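Chemist: What follows is a single structure, and I will ask about it in a moment.
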Number of protein chains: 4
Amino acid sequence: MKVLKSQKEFEIRFSEVDSMGIVWHGSYSLYFEDAREQFGKEYNLGYLYIFEQGFYAPLVELHLEYKKPLKYKDKARIEIAYRHTDAAKLIFDYKIYSLPDNNIVATGYSIQVFLDKSFNLMWDLPPFIKEWRDTYLRDK
Amino acid sequence: MKVLKSQKEFEIRFSEVDSMGIVWHGSYSLYFEDAREQFGKEYNLGYLYIFEQGFYAPLVELHLEYKKPLKYKDKARIEIAYRHTDAAKLIFDYKIYSLPDNNIVATGYSIQVFLDKSFNLMWDLPPFIKEWRDTYLRDK
Amino acid sequence: MKVLKSQKEFEIRFSEVDSMGIVWHGSYSLYFEDAREQFGKEYNLGYLYIFEQGFYAPLVELHLEYKKPLKYKDKARIEIAYRHTDAAKLIFDYKIYSLPDNNIVATGYSIQVFLDKSFNLMWDLPPFIKEWRDTYLRDK
Amino acid sequence: MKVLKSQKEFEIRFSEVDSMGIVWHGSYSLYFEDAREQFGKEYNLGYLYIFEQGFYAPLVELHLEYKKPLKYKDKARIEIAYRHTDAAKLIFDYKIYSLPDNNIVATGYSIQVFLDKSFNLMWDLPPFIKEWRDTYLRDK
């Protein structure tokens, strides 16, 4: 099975920093979301696409580990990797590196499920995700 | 015409403070929104009520003046006052005071218009707002 | 050993809700922080107090599980419980309930470490925390 | 006198959109801040540079006008222009355009003053700003 990964570089904004002068821990959930966006763009699995297929994909679990602080104006890179599961879920792993030294700053993962537009949980994989997996995960 | 006012006390949260140790200027738009909520609750003009009448009331103008900084854990009070206009608009004036000294910390105003659910601008006052004004503004 | 718990009721703000009409997952890290504030207030362990003792207590781990969505204007209650550890860490467990039905909406935990003002990690428990534990955790 | 302008393109993030499906009005103060960053980078007047000269430059006034809504995934461009004043202030004007149609979405301005590290207001222009004006505003 192929490994699907995206990455994105970003710079710490003034509004993301707290009174200790480091990035507020809550800002990392935003970086993770930006990474999912980036992944969705590259692999055709954005929120809008999922929505157009008739589904929501809300988070049911989010885990973050903070290794080193980031400061205002620091440059960083976030890597997102698709973690395969047979369940009707989307799991992503994240790593944030400071730049240019490439030290690990934070790691984490997120788990999403699928709801239909009436907010019913999908126990079975929505067909469009089956197709997506066939397209993107199969070794050719 | 009666003067309609609400007020609310609040405490500065850690996440609202920037690396200078004072409340980030962008947080004040949140305090203003909280004040509109409070007003909506007291005078039956909340977002949900407006929505149930078939309308949105988005901001078209927001003005903020910052007089003194607020710090983490400071206590403050926000006052919101309805400013009458004959136009199909909602205008509110805001004053934020530090506590317990009651010094003015910030002032501002906001202007909202009415859109129907198809996002068309209402040039005439929606009937439910006419009724609202009759109920709340008329001196008895 | 005593069980230390705090709780706080809150109402969902307009700005915390996303385009699905439910609370954006990132907003929960703010609710957790509010709960830590509440705990700090009741048990004399607020950020400012920790800071005055010469330390920071940044998060090194944050875990969130989302069970049910919260919507704009929903009322909720967050419970925070101190989880004892012998390590030089602060661990808290969180439960968010919707009101008035008291259904579990989200759970999670956070882990904090202690840094001195030069951002050095404290491997041993800072003395003021030892005293705090003696004061608050000891059965009398 | 020369006209100093910067601009930046950006895409609307999921977290910036409210339950009406449009960008929450409070998010615009973040776009303005991003534009100031961009300006600071191009014209050597970033927050960190100001800080290193011994000053803060907090906002004392912020004005926003919302002309058209932006939606999730919309692309936009923000333009920031330095507005000259003889006073010890920094004034910027902002215009946000939707892309690719280049319609005006929002406008506004911000006013900043200078404080020294003890939070005293500078009535006279700090020397480093005098030099900056000489360097960047003078027609050669």
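Where a number appears in this text, it was derived from the coordinates with a stated rule and is not lab data. Remember, predicted model here, so these are calculated numbers, not experimental data. Glycine gets a Cβ as well: all are built from the backbone with ideal geometry, and neighbour counts include every protein chain shown.
Chemist: Shortest first, in nm, what separates the label point of residue C:67 from those of the same position in the other copies (7 Å along Cα→Cβ)?
Modeler: Relative to the other copies, residue C:67 has label-point distances of 3.3, 4.7, 4.9 nm.
Chemist: So what's the Cα pair-distance distribution over the protein assembly as shown, bin width 20 Å, in %?
Modeler: Distribution as computed: 19, 53, 27, 1 percent.
Chemist: Given an 8 Å cut-off on Cα distances and at least 6 residues of separation, report the relative contact order of chain A as a percent.
Modeler: Worked out over chain A, it gives 29 percent.
Chemist: Let me ask something additional. What does the average come to when, for each residue of peptide C:24-37, you count the partner chain Cβ atoms lying within 10 Å of its Cβ?
Modeler: For peptide C:24-37, the averaged partner shielding equals 5.
Chemist: For label points placed 7 Å from Cα toward Cβ, what is the shortest-first list of nm distances from residue A:79 to its copies?
Modeler: The answer, with the shortest distance listed first, is 4.1, 4.2, 5.7 nm.
Chemist: So for the stretch D:1-59, averaging the separation of alpha carbon pairs under 8 Å that are six or more residues apart and normalising by length, what relative contact order in percent results?
Modeler: RCO, the stretch D:1-59: 28 percent.
Chemist: By Cβ position, which chain A residue lies least far from the axis that rotates chain A onto chain B, and what is the distance to the nearest whole angstrom?
Modeler: Measuring from each Cβ to the axis, the minimum is at A:19, 3.
Chemist: Could you work out the local net charge near residue A:93, counting Lys and Arg as +1, Asp and Glu as -1, over the other residues with Cβ closer than 10 Å to its Cβ?
Modeler: +2
Chemist: Next question, about the same structure. Using the per-residue mean of other Cβ atoms lying within 10 Å as a proxy for protection, in what order, highest first, do the peptides D:43-56, B:21-34 fall?
Modeler: For the peptides D:43-56, B:21-34, the packing ranking is B:21-34, D:43-56.
Chemist: List, shortest first and in nm to one decimal, how far the label point of residue B:124 (7 Å from Cα along Cα→Cβ) is from its counterparts in the other copies.
Modeler: Nearest first, the other copies' label points are 5.3, 6.3, 8.0 nm away.
Chemist: Using just the C-alpha positions of the stretch C:5-137 as equal point scatterers, what log10 of I(q)/I(0) does the Debye formula give at each q in 0.14 1/Å?
Modeler: -0.66
Chemist: If I stretch the segment between residue C:134 and residue C:7 completely, what's the gain in nm (0.36 nm per residue apart, minus their alpha carbon distance), one decimal?
Modeler: Length gained between residue C:134 and residue C:7: 43.5 nm.
Chemist: Between the stretch B:82-140 and the stretch C:1-49, what's the alpha-carbon centroid distance in Å?
Modeler: 30 Å
Chemist: Which three lengths, in whole Å and largest first, does the stretch A:1-70 cover when its Cα atoms are put on their principal axes?
Modeler: Result, largest extent first: 43, 25, 21 Å.
Chemist: Can you work out the FRET efficiency for the pair residue C:91 and residue A:87, with r the C-beta to C-beta distance and R0 = 22 Å, to the nearest 0.05?
Modeler: Given R0 = 22 Å and the Cβ-Cβ separation, E is 0.15.
Chemist: Can you give the mean number of other chain Cβ atoms that lie within 10 Å of the Cβ atoms in peptide C:95-103?
Modeler: Average per residue, whole number: 0.
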